[in-house]
Amino acid sequence: MKLYTFHVAPNPTRVRLYLAEKKHAGADLGVEEVLVDLRNNEQNSEEHERRNPQKRLPVLETDEGVYLTESLPIVQYLEELHPDPPMIGTSPLERAQTLTVERIAEQGVLYPIARIVHATNSPIGLPPNPAVAELFQEVLLPPLELLNQRLSDGRPFLMGDNPTIADCTLQAGLQFGRMGKVEPDPSLQHLARWNTAYRERPAAKDVLML
Ligand SMILES: N[C@@H](CCC(=O)N[C@@H](CS)C(=O)NCC(=O)O)C(=O)O
């Protein structure tokens with residue numbers, strides 16, 4: 001299998017963190033990484049458009065030569081192939097709960113952070129848009145508070161004792177924020193504790209650039 005990816009970009013990063021967590025837990029999924037340089041617009045090449053008509057990353061090329069083009073279904077596909085250690089729960093209820101928190105981390109944190117960064121300090125050169133930045137700053141706060149509250153019982157990971165895809169998505173979003181100088185308010189102390197601890201993990205050290 002091949003993962004078409006670009007470092008720091010948050011959606012590829014959540015899949016890469018997932019793969020690194022699996023690897024450090026002893027499950028090497030045998031996914032080769034292929035860089036598609038967003039700064040050089042390589043996502044808009046005809047070659048990449050054949051992989052993903054939406055011209056985005058990540059893309060997983062399966063062993064059958066099929067292209068999967070959305071981060072969460074990519075992870076769910078990999079998880080079905082390699083369920084150990086489990087990173088989306090072990091029962092229907094746990095899976096639904098994990099995906100619920102992952103959705104909050106993506107839609108409530110990663111996506112707003114990406115919109116703010118691209119509106120203020122875009123690494124791929126998009127024009128500044130202060131109105132968009134202001135709107136998404138407001139949108140970002142409630143989900144961060146919700147996740148901070150979730151971590152307030154001292155749990156090491158969003159879903160309890162073990163990392164899941166929800167942690168990978170949240171950290172991918174926060175890393176992109178760090179790159180664009182968009183940081184959660186330090187008063188969200190439980191989130192800050194989780195953030196510091198997660199970044200010390202071997203998987204995080206393999207994948208994160210800042
Ligand atoms: N819904 C998609 C979003 C993918 C996405 O927006 N990827 C960004 C990088 S984080 C991208 O490829 N952007 C390039 C562009 O918009 O030109 C997913 O979950 O994977």
| field | In segment 14-64, the residues that are among the β-branched types (Val, Ile, Thr), touching a Ser or Thr at 6+ places or on another chain (Cβ under 8 Å) and within 28 Å of Asn162 (Cα to Cα) | value | Val15, Val59
| field | Matching residues, segment 80-105, being more than 14 Å from the ligand (Cβ to nearest atom) and touching a helix residue (DSSP H, G or I) at 6+ places or on another chain (Cβ under 8 Å) | value | His82, Pro85, Pro86, Met87, Ile88, Gly89, Thr98, Val101, Ile104
| query | Any idea which residue in segment 38-76 is farthest from Arg14 (Cα to Cα), counting only those that are among the β-branched types (Val, Ile, Thr) and more than 8 Å from the ligand (Cβ to nearest atom)? | reply | Val66
| task | Please state which one of Glu42, Glu80 is buried (at least 16 other Cβ atoms within 10 Å of the Cβ) and either closer than 26 Å to Ala96 by Cβ or more than 14 Å from the chain's Cα centre (by Cα) (or both). | result | Glu42
| Can you name the helices (runs of 4 or more DSSP H) wholly within segment 1-112 that have at least 2 residues being out of contact with any strand residue (DSSP E or B) (no Cβ under 8 Å at 6 or more places or on another chain) and of a type in the set (Phe, Trp, Tyr)? | none
| message | Among the numbered criteria (1) within 13 Å of the ligand (Cβ to nearest atom); (2) over 21 Å from Ala166 (Cα atoms); (3) of a type in the set (A, V, I, L, M, F, W, C), which one does Met1 miss? | response | (1)
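Values quoted throughout were computed directly from the atomic coordinates according to the rules given, and no laboratory measurement underlies them. Please read these numbers as outputs of a predicted model, since none were measured by experiment. So basically every Cβ, Gly included, is an ideal-geometry build from the backbone, and we count neighbours across all protein chains shown.
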